[in-house]
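Derivation of every value follows stated rules applied to the coordinates shown; laboratory data play no part. No experiment lies behind these values; they were computed from the predicted model shown.
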Amino acid sequence: MCKTVTFAVLHFGIAFTITYLLTGDVVVGGLVALVEPAVNTLAFYFHEKVWRRIEAKRNQGPGQQLPA
C-alpha cells in the first residue's frame, strides 16, 4: 500500500508541475493534478478487466467457456 500511495503522490506532483509549467496557472495545475489521475485510474480499471478476459481466453482449454 505504501508503494501505491507514494506513486499516487508522484503522479499528482508530475501532473501539477507539467500543467503549471505549460500554463503558469496554479488553479489549472491543481485541477489537472486532481482530474487526470482520477480519469487515469478509472481507465486503468477497465484496461485490467479487458486484459483479464484476454488472458483467460488464451489460457482456456478446449471446450471451456469464459465466465460472464
Requested in this report: Using only Cα atoms, figure out Rg for the chain and give it as a multiple of 2.2 N^0.38 Å.
Outcome: 1.67
Query raised in the report: Please state the relative contact order of the range 2-58 as a whole percent: Cα pairs under 8 Å, 6+ residues apart?
Result: 27 percent
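Do the sum for the chain: with -39,500 (n - 2.57) for every DSSP H run of n ≥ 4, divided by all residues, what is the mean residue ellipticity at 222 nm, to the nearest 500 deg cm²/dmol?
Values: 2 runs with 56 residues, N = 68.
Mean residue ellipticity at 222 nm (helix-derived): -29500 deg cm²/dmol.
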